[in-house]
Amino acid sequence: MDNHSLNTDILILEGLKVSPEFSVPAFFLLLLIYIFIMVSNVGLVVLITMERSLHQPMYLLFCNMSVNDALGATTVIPRLLSNVFTPITERYIPYIDCVAQAFCVHVNMGASHTVLMIMAFDRYVAICSPLRYAAIMTSRTVVKLSVSAWTVALLMVGILVGLSIRLSRCRQTVLNPFCDNASLFKLSCESVLINHIYGLGYTVVLLGSSLGSVTLTYLKIAVVCLSSRNKSLNGKGLQTCATHLTVYVIMFVSGSIIVILHRFPHLSDHRKLASILLHVVPPAMNAVIYGLQIKAVRQRIVIMFTRNTRGEMTQ
């Protein structure tokens, strides 16, 4: 019994499968990407927090996305880095750490959708009801929407992971680059029908509500922009909407690829690679897309760099 308990409480994580000759390049590439993700996203949050001119609903909602991207990258990449030079048979992870990682991974994915939904609502109010925007999108409303987005993700994922940890465990190996909900319930020899039913319902509700609300919102925005003769309003609206849609499409397509590849067991290696890219590519691109495409943010970044350059020259 002691040996059985030990074997199921300490798991073996497959991690990143890299041949020895590519271990060093893979390690430094992932490390540089992780540093870039953290610097760009944390930097964007700090910039918006410090600059009073950016204390507007749209930019405060950006902070949610940046925090979520930093969380998602930190959940996955550091452990991948720590296992690069470790043989697969020695990549141990405590079960409780695996549960925590799976929980954070799914919260990250869930919050990505819920946060983007409230960002779409913000753009809808700004473009379709500009005169009422200040009255509707108050600081209190932004806080309520942000808390709601995170609460929904936390509750749904809490049930998802809770259904998996209730199962007994008869296996020790996690055949995935990192722990997720599927990794947890695959450790059991019990029936996982309830897990599959809730997991499918969770996916349908999350993706369906996300895709449906974003599509409906932007169709209404498109109608308003096409019927409006205010070119300035149209240009500004389309720019911010294009930025938001770009981020949404990248995130949605990346997540959908993984869901589709789950249906083809012979493509498991492709799915594992896609799952890693899901936690690397969107977080690395989001802050750049927002920072470079949103004029107000871009201007503040230029001003800050200009100040620093002038300060160094005067010294």
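The values are calculated or read from the model by the stated rules, or taken from the named source; none is laboratory data. Bear in mind the structure is a predicted one, so any value in this text is a computation, not a measurement. Glycine also receives a Cβ, built like all others from the backbone with ideal geometry; neighbour counts cover every protein chain displayed. Accessible surface areas use protein heavy atoms only, side chains included; no ligands, DNA or RNA. Shrake-Rupley method; radii C 1.70, N 1.55, O 1.52, S 1.80 Å.
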Once normalised by the length of the stretch 168-220, the mean sequence separation of its alpha carbon contacts under 8 Å that are 6 or more apart gives a contact order in percent of 29 percent
Taking max minus min of the Cα coordinates of the stretch 9-131 on each principal axis, largest first, gives extents in Å of 62, 29, 22
Per-residue SASA entry for LYS17, accessible area with 1.4 Å probe, Å² rounded to 10: 120 Å²
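Quick check for you: with a 1.4 Å probe and neighbouring chains kept, what is the accessible area per residue of the stretch 1-107, in Å²?
50 Å²
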Within a Cβ distance under 12 Å of THR217, other residues only, what is the Lys/Arg minus Asp/Glu net charge? +1
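Taking only the C-alpha atoms, wrap a convex hull around the stretch 59-152 and report its volume per residue in Å³ as a whole number. All intermediate terms of the calculation are to be shown ahead of the outcome.
Numbers: hull volume 9.0 nm³, N = 94.
Taking only Cα atoms, the stretch 59-152 has a hull volume of 96 Å³ per residue.
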Dividing the convex hull volume of the alpha carbon atoms of the stretch 149-208 by its residue count, what do you get in Å³ per residue? 86 Å³
Cut-off under 5 Å, modelled amide H: who pairs with VAL174 long-range: ILE12, LEU13, GLU14
Across 10 Å bins from 0, what is the distribution of all Cα-Cα pair distances for the stretch 93-132, in whole percents? 27, 28, 21, 14, 9, 2
Rank SER191, VAL115, TYR92 by how far each Cα sits towards the positive end of the charge dipole of the stretch 86-198 (+1 on Lys, Arg Cβ; -1 on Asp, Glu Cβ) and give me just the farthest. VAL115
For the stretch 93-227, the spread of Cα positions along each principal axis, largest first, Å: 61, 27, 24
